[in-house]
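The values are calculated or read from the model by the stated rules, or taken from the named source; none is laboratory data. Source: prediction; values computed, not measured. Note that each Cβ is placed from the backbone with ideal geometry, even for glycine, and that neighbours are counted across all protein chains shown. Just the protein is used for accessible areas: all its heavy atoms, side chains included, with ligands, DNA and RNA removed. Shrake-Rupley method; radii C 1.70, N 1.55, O 1.52, S 1.80 Å.
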Amino acid sequence: MNKTYPQEAEHVTYREYGIRWFQLLLFIFALISNIMFGFSLSTIVKQMSILYHVDIKYLQFLTISFSIFSVIMIIPGNLLNEKYGIRTTIQIGCILTLLGSIFALMVNVSFWFFFVGQLLSLIGFPFRLISASKFVANWFFPENRITIMVIIALLFNASSGIAIRIPLITVGEIDTSNIDNGRFQIQILMVILFVLMVIYCVPPIVFFKSRPLTPPSYSASDSCVREDYREAGSILKDNKDFRLLTISFALILGTITLFTLQMESFVDPFGFSMADQSNAVGLGVIAGLIGDLTVGTAIKKTQSYKLVLRICNFLSTVLFFLLIIALFVNKTFFFVIYFLLCGCSAIMALSFEFACELSFPMNENTTIALFGFFGNMVNVMQGVPEVLILSGNTKTTTLIAMIFMLCLIASANYLTYNIEENLKRNQKDQEYDARSETDISLLTN
């Protein structure tokens, strides 16, 4: 598919290449490999603590350390992105996850091999996540960007749900009454995860490409002058809308993600089994898939990122309040409310693309790097007190932690209300489309 737009005195042809779908598959493989490896262990934190005689706080630390390492590694990852392209950072991320899975194979030699393996994988995660919007801009027409980001978010959410169910599906309930049997189950699980990491990491390392021969839009072309990434911090600190979006994203999706990752600690005092947690997350994934599709459709229909974000924020606040009540009522009520909450908080694709619009002409990867950096700083600041509160392992500590999280989600409503919808990148692409008398919007086909 070709589109020809006049640019200055010459015509420039913008193309989408057929190979973009293969590249999309490789990018998704790279992104979900980290999720499949790390999230699969979030439902067996307590069992591993018993089997390997380690303080549960070390394992709970792993559930929030994706935010910590995002803060640490996002800026170096972006520097590599800017200098060498997204292919290099994708390769580094995949290699680190593959190495992490190799270390984890030695879990029964020492628990700390497993711990280091998890940390290696977590270090590699931001290298891939910050590349999402840049990848989409490099390979797809402007009007297709939100659709592709929704597809990525759909599969991202689906992989997290599948990952959390892997222990139950492959080895069943972990036997903590017999140390040898339990550790054997963990060893089998590590082997399965290693095989999956080979399948998901090796193809992107070998075949992934940063960009096609020619760009799909003006904003993805070399002709589009971008801000120097070394000046990004000073430029974006004066961008009020970007700051508000970053914090609100962390307070909405970040808070709910932390709840999911630490679900065992939240629901254990209420008698939830490993199967209950796995089923709850499975329902949440289905809801996330529906939510991503609904959010993408709503953006195209309303032509407004801000309106859809405000609706999602308000509904998430109400539903999280009901989730607290549901924990004290019964499991069925909890499952229903959690399902609705995950559907209404599916804002990753929306927020990434909105951030790129607000920060243009900053490069997409630099935008998402800073978006993730400051957003994850907020997540770390909220995650540490949550872990400390939850260490009490009582219904009261769960209630305190969830009320704290509810206040964070509720405060995001004020932030999203004050964001101005200035779609700078869309305006620039349409400026060039208008010269050829086309009517192409970033948000509509």
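Listing for the model above:
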item: Condition met for Asp276 (of a type outside the set (S, T, N, Q) and in contact with a Lys or Arg (Cβ under 9 Å, 6 or more places away or on another chain)); result: yes
item: Positions within region 197-239 being in a helix (DSSP H, G or I) and modelled with pLDDT of 85 or more, in sequence order; result: Met197, Val198, Ile199, Tyr200, Cys201, Val202, Pro203, Pro204, Ile205, Val206, Phe207
item: Wholly enclosed helices (runs of 4 or more DSSP H) of region 84-144 bearing at least 2 residues closer than 30 Å to Gln47 by Cα, among the hydroxyl-bearing types (Ser, Thr, Tyr) and at pLDDT 80 or above; result: 86-104
item: Qualifying positions in region 89-122 - touching a residue at least 40 places away in the same chain (Cβ under 8 Å), under 29 Å from Ala220 (Cβ atoms) and open to solvent by 10 Å² or more (accessible area, probe 1.4 Å); result: Gln91, Ile95
item: Pairs where the first residue, in region 25-51, is in contact (Cβ under 8 Å) with a residue 12 or more places away in the chain and the second is aromatic (Phe, Trp, Tyr) and outside any helix (DSSP H, G or I), C-beta under 9 Å, 6+ apart; result: Leu26/Phe208; Phe27/Phe208; Phe29/Phe208; Ala30/Phe208
item: Selection within region 157-196 - touching a residue at least 40 places away in the same chain (Cβ under 8 Å) and outside any helix (DSSP H, G or I); result: Glu173, Ile174, Thr176
item: Failed condition for Phe270, given (1) under 18 Å from Ile151 (Cβ atoms); (2) over 20 Å from the mean Cα position of the chain (by Cα); result: (1)
item: Matching option when the condition is open to solvent by 10 Å² or more (accessible area, probe 1.4 Å), in contact (Cβ under 8 Å) with a residue 12 or more places away in the chain and more than 30 Å from Phe270 (Cα to Cα), among Lys331, Lys300; result: Lys300
